[in-house]
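Below is one structure, written out as structure tokens, with a few remarks after it.
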Amino acid sequence: MKRAVAFALMGGVLILLVVVGVLVVREGGRIADPTDAKQVALGKVIYTDHCASCHGATLEGQPEWQTRKPDGRLPAPPQDASGHTWHHADDQLFGIIKNGIGAYAPPGYESDMTAFGSVLTDEQVNAVLAFIKSNWPVDIQARQAEASRRAKQ
């Protein structure tokens, strides 16, 4: 009897590991969790080092961020709740940081946003996103999480 229970427990653990593994693969291994204090703290450091010079120390963006500059490019938008970042799904935000905005913008769109794929690891990109998201009000976090969930369907 004990042996059967042990096998059942092992089987349950194995199934749980498979399910978690499938979810991690399905999610691309990317998790930006605004409730993970360690990830948010790492993200704050990385944001300060790599993002704040354009997007602002307090995520405020550049002045008149919705008005094109003389070169036709838009200033860096805010990353706080006043901007549009939270309207995008996690995968899209991850891709923009990692690969630049090119694949996500209309044809011919030019931006000063650089790709950080050769500078930041996936873990660091997720940490930056976790930090940014942690600064949004709870209702905005929920709306952005729903956009991410819908994008996966």
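Miscellaneous remarks
- Only one entry of 119, 125 meets the criterion of being in contact with a Lys or Arg (Cβ under 8 Å, 6 or more places away or on another chain), within 16 Å of residue 46 (Cα to Cα) and not aromatic (Phe, Trp, Tyr), and that entry is 125.
- Residues of the range 137-153 satisfying the condition of being closer than 12 Å to residue 87 by Cα and in contact with a Lys or Arg (Cβ under 9 Å, 6 or more places away or on another chain): 140, 141, 144, 145
- From the options 93, 23, residue that is under 21 Å from residue 146 (Cβ atoms), under 19 Å from the mean Cα position of the chain (by Cα) and modelled with pLDDT under 95: 23
- Scanning the range 53-97 for residues that are over 20 Å from residue 110 (Cβ atoms) and of a type in the set (Phe, Trp, Tyr) yields a count of 2.
- Counting residues in the range 109-130 that are modelled with pLDDT of 95 or more, buried (at least 20 other Cβ atoms within 10 Å of the Cβ) and among the aromatic types (Phe, Trp, Tyr) gives zero.
- The set of residues in the range 67-82 being free of Cβ contacts under 8 Å to residues at least 40 places away in the same chain and more than 13 Å from residue 113 (Cβ to Cβ) consists of 67, 68, 69, 70, 71, 72, 78, 82.
- When the residues of the range 29-49 are filtered to those that are exposed (fewer than 12 other Cβ atoms within 10 Å of the Cβ) and small (Gly, Ala, Ser), the one that is modelled with the lowest pLDDT is 29.
- Scanning the range 28-66 for residues that are without any contact (Cβ under 8 Å) to a residue 40 or more places away in the chain and of a type in the set (S, T, N, Q) turns up 48, 53, 58, 62, 66.
- Selection from the range 81-108 of residues that are under 21 Å from residue 130 (Cβ atoms), surrounded by fewer than 19 Cβ atoms within 10 Å (Cβ to Cβ) and aliphatic (A, V, I, L, M): 81, 89, 101
- In the range 108-150, residue nearest to residue 31 (Cα to Cα) [restricted to those that are part of a loop (DSSP other than H, G, I, E, B) and of a type in the set (Val, Ile, Thr)]: 121
The values are calculated or read from the model by the stated rules, or taken from the named source; none is laboratory data. All values derive from a computational prediction rather than experimental measurement. Cβ atoms come from the backbone with ideal geometry, glycine included; neighbour counts cover every protein chain shown.
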